[in-house]
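Written out below as structure tokens is the structure these notes cover.
The values are calculated or read from the model by the stated rules, or taken from the named source; none is laboratory data. This structure is a prediction, so every number in the text was calculated from the model and none was measured. Cβ placement follows ideal geometry from the backbone for every residue including glycine, while neighbour counts extend to all protein chains displayed.
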Amino acid sequence: MRKRYQWILLPVVLFPALLTCIPVLILITGSIMGEGELNLYLAPVLMEKETLSGWKLIPDYPTFSHYGKLLFMTPQFFVLFWNSVKLSGIKQIESDQHSRSCHFAGSFFCLSGLSLL
């Protein structure tokens, strides 16, 4: 009886999971497509034509030129990236110091994540 419910529950859980993964998959495959392929697949949408648009999950000519353009040709992104690295590094150092103080002081002083030191 229990296995029958598992077979019913499996599609109910997997279907929403697949629906949420499809946009991420489209984003990843679209980011490595060349400009010609993107124009070909997105032309019906962008030109407001009456035809259907299509999409390939594996690009014909994968390229990482979009990433290169973003990382090396855009100074604003470069500054934003390194500022994010600095902030996350500072936050990591702070959390490491907090965890070390909790470790040395014992769990008595670190109730529910708060340090009394």
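A few remarks follow.
- For region 40-64, a tally of residues being assigned to a helix (DSSP H, G or I) and loosely packed, with under 12 Cβ neighbours inside 10 Å returns 2.
- In region 82-98, the count of residues that are within 25 Å of ILE32 (Cβ to Cβ) and touching a helix residue (DSSP H, G or I) at 6+ places or on another chain (Cβ under 6 Å) is zero.
- Only listed residue being at pLDDT 90 or above, part of a helix (DSSP H, G or I), of a type outside the set (Ser, Thr, Tyr) and surrounded by 10 or more Cβ atoms within 10 Å (Cβ to Cβ), chosen from LEU9, LEU80, LEU71, LEU25: LEU25
- Matching residues, region 28-60, being among the hydroxyl-bearing types (Ser, Thr, Tyr) and in contact with a helix residue (DSSP H, G or I) (Cβ under 7 Å, 6 or more places away or on another chain): SER31, THR51, SER53
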